[in-house]
Amino acid sequence: MRITRTAAVAACLALTAAIFTTTLPSTAATPDPVAISAQPVAGSSNVRVEGGRIILGDAPAAIGSVGIKQRSGLAELAPVRFGAATSAVVVDYTSGTPDGSSAEVDVRAWVGDRWSEWTPATAGTPTALPRASQQVQVRIIVSAPSAGAAPWIGDVTVQPTDATAVPRSSIQAAPLKSRVFATREGLVGGTTANGHVIVSRDHFVALPSRRGLSGNGSGTYSVKVCTTTRCAFEPVWDVGPWNTKDDYWNPSATREMWKDLPQGKPESQAAYQDGYNGGKDQFGRTVANPAGIDLADGTFWDALKLTDNSWVDVTYLWTGDGGRGTVSISSGYLNVRNAPNSGGTIVGMAGKSAQVTVECQTTGETVSGSQGTTNVWLRVHTGMYVSKAWVSAGTFSAC
């Protein structure tokens with residue numbers, strides 16, 4: 001078991017089930033570390049709390065998109081607000097990782113009007129933020145083999161600092177888009193990396209890095225997946241295929257692994273096509289296809305009308321700025337049509353909680369939904385529309 005000692009803890013936070021933030025005094029010349037409550041907030045899964053420790057829960061091992069059977073848990077903690085913007089933070093904590101288990105702590109920042117990508121935070125070491133921010137959030141991921149070990153993280157604190165190198169991730173003017181090979185995940189009845197239980201004709205995707213993994217039920221990290229005629233907007237709810245530390249959408253210099261590969265090219269594709277890494281993934285398995293994304297059945301069969309694994313264009317929405325809306329439905333999917341009315345041909349779908357790009361808005365058929373009754377329709381891609389009655393969004397320029 002490895003134990004990492006933490007820095008001195010300052011004041012404790014009180015926490016209810018709802019997310020809230022605490023504020024540091026802006027007058028402090030050198031702000032003290034802020035202790036974060038160990039109570040997970042919405043979106044967490046398969047963890048338990050004992051004292052100040054967050055421990056892997058008792059859910060059985062599952063095989064997700066990555067294809068490796070393991071037990072895993074995820075805990076998002078209450079965001080912390082500082083009195084002034086900071087370019088970096090020091091996250092400190094204690095940890096225990098017995099019997100081949102692992103415990104990871106990540107941090108993200110509130111930038112503009114959305115959360116940045118998650119970045120691994122080493123205890124006691126400054127972690128750069130993509131842009132200066134007053135608000136950050138910490139996430140804990142614990143995983144272990146099929147039986148036995150119970151990894152944990154405890155005594156979590158966060159402290160603003162400017163003593164760091166250049167940011168490890170960035171937010172661009174436009175989100176990155178790359179052409180990658182897509183495979184169907186299936187695994188109905190299984191559990192994804194964020195604790196979602198997969199249902200028939202489900203709507204989500206898997207990417208091979210936890211940096212863009214949304215919490216259970218959240219669409220903070222979503223993708224737009226398109227063929228030549230159809231598009232799907234889906235949340236990232238699983239990790240895979242093949243790898244778990246291949247954030248290939250990031251610049252090579254900030255990529256977690258495989259830094260000698262070009263931005264936008266998955267390691268699995270390089271291994272399969274070029275014999276990169278001896279043709280193997282990070283676990284030493286021979287890569288049998290170049291897949292850089294896994295699609296849930298509803299995304300694969302219904303939204304994109306695929307009949308076999310295929311090359312698709314994927315846009316990683318959180319990597320760039322631009323108009324956004326959030327699909328607000330209780331289950332299933334929202335139809336994307338080729339005209340601003342319910343008679344328009346269905347040319348795609350958007351899953352529950354997914355982010356959708358918004359290019360502009362227009363008027364069309366009046367629709368009643370979770371956001372009220374409106375005749376406003378949002379153009380989410382060239383020639384593709386969704387009713388604003390089902391999308392939480394602001395106001396956009398006219399098409």
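Bear in mind these aren't lab numbers, they're just calculated from the coordinates by the rules spelled out. Owing to the predicted nature of the structure, the values given are computational and were not obtained by experimental measurement. Positions of Cβ are generated from backbone atoms using ideal geometry, with glycine treated the same way; all protein chains shown enter the neighbour counts.
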Check your understanding: What is the range 140-272 by shape, rounded, prolate or oblate, if you read a ≥ b ≥ c off the alpha carbon gyration tensor as root eigenvalues and call it rounded for a/c under 1.5, prolate for a/b larger than b/c, and oblate otherwise?
Key -> oblate
Review point. So how much slack lies between SER397 and ARG81, counting 0.36 nm per residue of separation and subtracting their Cα-Cα distance, in nm?
Key: 110.5 nm
Check your understanding: Distance from the Cα centre of the range 40-77 to that of the range 325-363, in angstrom?
Key -> 32
Point to revise | Helix-only CD estimate at 222 nm, as mean residue ellipticity for the chain, using -39500 (n - 2.57) per DSSP H run (n ≥ 4) | key: -500 deg cm²/dmol
Point to revise | Sites matching chymotrypsin sites (Phe, Trp or Tyr not before Pro) across the range 278-310 that sit in DSSP coil, with at most 14 neighbouring C-beta atoms within 10 Å | key: PHE283
Practice item. Once every Cα of the chain carries one equal point scatterer and solvent is ignored, give the base-10 log of I(q)/I(0) from the Debye formula at q = 0.11 Å⁻¹, two decimals. Key: -0.81
Practice item. Please turn the phi angles of the range 91-108 into ³J(HN,Hα) values with the Karplus equation 6.51 cos²θ - 1.76 cosθ + 1.60 (θ = phi - 60°), one per residue in order, whole Hz, x for glycine and proline. Key: 9, 10, 5, 9, 8, x, 10, x, 6, x, 7, 9, 9, 10, 10, 10, 9, 9
Point to revise | Extension reserve of the THR161-VAL188 stretch, reckoned as 0.36 nm per residue once the Cα distance is removed | key: 5.2 nm
**Study point:** Per-residue ³J(HN,Hα) for the range 132-141, Karplus 6.51 cos²θ - 1.76 cosθ + 1.60, θ = phi - 60°, Hz, x for Gly and Pro
**Key:** 4, 8, 9, 9, 10, 9, 10, 10, 10, 10
Check your understanding: If amide H atoms are built 1.01 Å from N in the plane of the peptide, which residues on other chains or at least 5 residues away come under 5 Å of the amide H of GLN135?
Key -> PHE82, TRP110
Study note, to complete from the structure: Any residue on another chain or 5+ positions along whose placed amide H is under 5 Å from the amide H of VAL347 is listed here as VAL336, ARG337, ASN338
Practice item. Just need log10 I(q)/I(0) for the range 216-277 at q = 0.13 Å⁻¹, Debye formula, equal scatterers on the alpha-carbon atoms, no solvent, rounded to two decimals. Key: -0.44
Exercise for review: Just order 33-40, 310-317 by mean Cβ neighbour count inside 10 Å, highest at the front, would you?
Suggested key: 33-40, 310-317
Point to revise | trypsin sites (Lys or Arg not before Pro) restricted to the range 279-361 and DSSP loop, no more than 16 other C-beta within 10 Å | key: ARG285, LYS305
Point to revise | Three-way shape call for the range 61-219 based on the alpha-carbon gyration tensor, with the a/c threshold at 1.5 | key: oblate
Review point. Alpha carbon centre of the range 172-232 versus the range 365-395: separation in Å?
Key: 22
